[in-house]
Amino acid sequence: MAVVLDSDSGEMGSLSEAAPSSNGGSFPDIISISSEEEMSPSRTLRPSTTVSLEKYSSAVISISSVEESNTPKPRRENIAYEVNFKERNIEEICICCGSLEIRTQHPLFQGGMCAPCTEHLLERFFLCDNDGYKTDCAICCWSKSLIMCDDPTCNRCFCEECMDSLVCSGFSDEIKKKSPWICFLCAPQRAYGLLKRKRRWRAELKRFYDQESNHLWIYQPLQTWDKKPVRVLSLFDNITQELKSLGFLGESKGNGTLKYLDDVTDVTRIHIEEWGPFDFIFGSTPPIGNSYQQPSAWYFYQYFRILQYVTPPERMFFWMFVDNLVLEEEDRDTASRFFQMEAVLRYKQHDDTIQNAVHIWSNIPSVNSKYSASALYVDLSLLAKNILETRIFSQRPATLIKDFFVPLKEYFRTFP
């Protein structure tokens with residue numbers, strides 16, 4: 001059955017952009033301070049922006065971009081007209097917005113992409129929701145009225161506007177009547193109207209990130225039949241519940257596996273080699289309010305030590321470390337230097353009360369997107385004390401980052 005999702009809720013604003021790693025949506029319960037409609041300091045003025053100078057000079061009222069009056073606004077409904085009647089090549093048109101100012105080619109489908117849409121897709125393609133589905137349309141990453149693929153191995157969505165402008169008018173209405181609906185990337189058929197899937201789109205996606213992004217790095221996604229069950233090492237916090245809910249772990253033979261260690265003081269490289277190999281290593285400091293025997297920085301240093309034993313240079317490997325606001329600022333800075341990236345902040349808020357917050361370092365796609373972090377302009381040490389004193393934290397910290405595990409579905413097998 002085709003499911004329609006209207007995800008007009010707020011997006012994650014950026015607290016700080018992540019630096020490159022050497023290895024590499026909508027969040028209904030996570031509050032975001034900024035949205036796409038707001039302009040961050042790093043965002044350039046759009047053509048439609050008008051800046052008032054009235055208070056500086058009575059002779060100057062306002063200035064507007066000349067481009068606004070001379071250049072027609074791109075419209076996706078014009079794509080078919082440009083191709084069918086003006087005989088323009090689809091590679092000369094941005095299939096995401098209809099712009100004729102092309103920067104590169106779309107990684108999944110035949111067609112061009114303009115600079116704004118390229119940047120947007122790079123930052124948002126791997127973002128996922130807690131329900132396990134992608135946050136945005138797999139074509140444009142802009143529109144919000146989404147139809148989900150019913151293939152159990154796929155978690156992608158496609159927007160009605162892309163369907164109607166690239167396939168044919170009214171195509172999205174026809175899809176809603178189908179049960180089940182298999183999406184454009186899963187179906188055997190490669191071409192639907194102007195929408196033509198690339199033969200090696202997974203390799204093209206990897207190349208797209210390598211060439212177009214200066215701070216986001218990914219492994220090439222795998223074909224369904226190439227995916228194997230994930231092997232996880234979880235340190236200081238057991239994430240079995242979160243991975244089970246997403247289908248990575250199960251009770252049957254052949255499902256993914258997880259080994260949990262609460263204390264690694266005596267663990268050596270030999271132990272890791274005996275227990276492994278591992279595909280994903282997770283670690284965290286203790287949650288606020290929990291008693292722990294070691295200094296808070298001990299958990300980071302021990303995690304990093306074990307990470308050196310686990311990290312394989314020759315194959316795909318993921319890692320994530322979470323600080324539950326117990327690390328001192330100096331220790332967080334040290335962690336950022338060791339991991340070669342800045343931490344991403346994520347928090348949960350109910351009404352006006354912040355119930356929990358975490359810092360995250362990881363090489364999982366989407367964690368380092370500028371849309372992944374929550375903007376929170378408060379003293380984090382005071383916030384931690386307030387959460388501890390009022391004892392209002394209501395969830396395990398791992399529940400705040402569950403959606404960051406979802407992109408692993410591109411690389412590992414999941415089970416019903």
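The values are calculated or read from the model by the stated rules, or taken from the named source; none is laboratory data. Since the model is a prediction, treat every value here as computed from it, not as a measurement. Cβ: placed from backbone, ideal geometry, glycine included. Neighbour counts: every protein chain shown. With ligands, DNA and RNA removed, areas are computed over all heavy atoms of the protein, side chains included. Shrake-Rupley method; radii C 1.70, N 1.55, O 1.52, S 1.80 Å.
Would you please name the residue that is nearest to Tyr292 (Cα to Cα), looking only at residues in region 309-326 that are open to solvent by 10 Å² or more (accessible area, probe 1.4 Å) and modelled with pLDDT of 90 or more? Please lay out each step first, then the result.
To start, the set of residues in region 309-326 that are open to solvent by 10 Å² or more (accessible area, probe 1.4 Å) comprises 309-316, 325-326.
Still in the list and also modelled with pLDDT of 90 or more: 309, 316.
On the way: Tyr309: 24, Met316: 33 Å.
Step by step, filter region 309-326, then rank; the result is Tyr309.
Scan region 261-302 residue by residue and report those that are farther than 15 Å from Glu328 by Cβ and in a helix (DSSP H, G or I).
Across region 261-302, the qualifying residues are Arg269, Ile270, His271, Ile272, Glu273, Glu274, Trp275, Gln302.
Residues are listed down the side, and each one gets a yes or a no for (1) touching a Gly at 6+ places or on another chain (Cβ under 9 Å); (2) crowded, with 16+ Cβ neighbours inside 10 Å; (3) among the acidic types (Asp, Glu); (4) farther than 18 Å from Cys94 by Cα:
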residue	(1), (2), (3), (4)
Cys149	no, yes, no, yes
Cys162	no, yes, no, no
Ser172	no, yes, no, yes
Ile175	no, yes, no, yes
Pro188	no, no, no, yes
Ala191	no, no, no, no
Lys206	no, yes, no, yes
Glu212	no, yes, yes, no
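Conditions tested, residue by residue: (1) modelled with pLDDT under 85; (2) open to solvent by 20 Å² or more (accessible area, probe 1.4 Å); (3) farther than 11 Å from Ile401 by Cβ; (4) part of a loop (DSSP other than H, G, I, E, B).
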| position | (1), (2), (3), (4) |
| --- | --- |
| Met341 | no, no, yes, yes |
| Arg346 | yes, no, no, no |
| Ile354 | yes, yes, yes, no |
| Val358 | no, no, no, no |
| Pro365 | no, no, yes, yes |
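Can you list the helices (runs of 4 or more DSSP H) found entirely within region 149-233 that contain at least 2 residues being under 18 Å from Pro107 (Cα atoms)?
Numbers: elements: 160-166, 171-176, 201-212.
Because the criterion is at least 2 residues that are under 18 Å from Pro107 (Cα atoms), the helices (runs of 4 or more DSSP H) in region 149-233 that meet it are 160-166, 201-212.
Among the residues of region 384-416, what is the count of those that are surrounded by fewer than 18 Cβ atoms within 10 Å (Cβ to Cβ), outside any helix (DSSP H, G or I) and modelled with pLDDT of 60 or more?
Final tally of qualifying residues: 3.
Got a sec? Which of Lys244, Lys198, Lys227 is at pLDDT 95 or above and out of contact with any Cys (no Cβ under 7 Å at 6 or more places or on another chain)? If you could, list the steps in order and put the result at the bottom.
Details: Lys244 fails: at pLDDT 95 or above; Lys227 fails: at pLDDT 95 or above.
Result: Lys198 is the single residue among Lys244, Lys198, Lys227 that is at pLDDT 95 or above and out of contact with any Cys (no Cβ under 7 Å at 6 or more places or on another chain).
Conditions first: (1) at pLDDT below 95; (2) open to solvent by less than 90 Å² (accessible area, probe 1.4 Å); (3) closer than 29 Å to Leu222 by Cα. Ala297 passes all but one, so which condition is the exception?
Ala297 satisfies every listed condition except (3).
Looking at Glu242, Glu251, Glu273 in this structure, which one is among the acidic types (Asp, Glu) and over 28 Å from Tyr133 (Cβ atoms)?
Only one candidate passes the filter, namely Glu273.
Please work out which residue is farthest from the chain's Cα centre (by Cα), limiting yourself to region 214-246 and to residues that are surrounded by 15 or more Cβ atoms within 10 Å (Cβ to Cβ) and among the basic types (Lys, Arg).
Looking at the filtered set, the residue picked out is Arg231.
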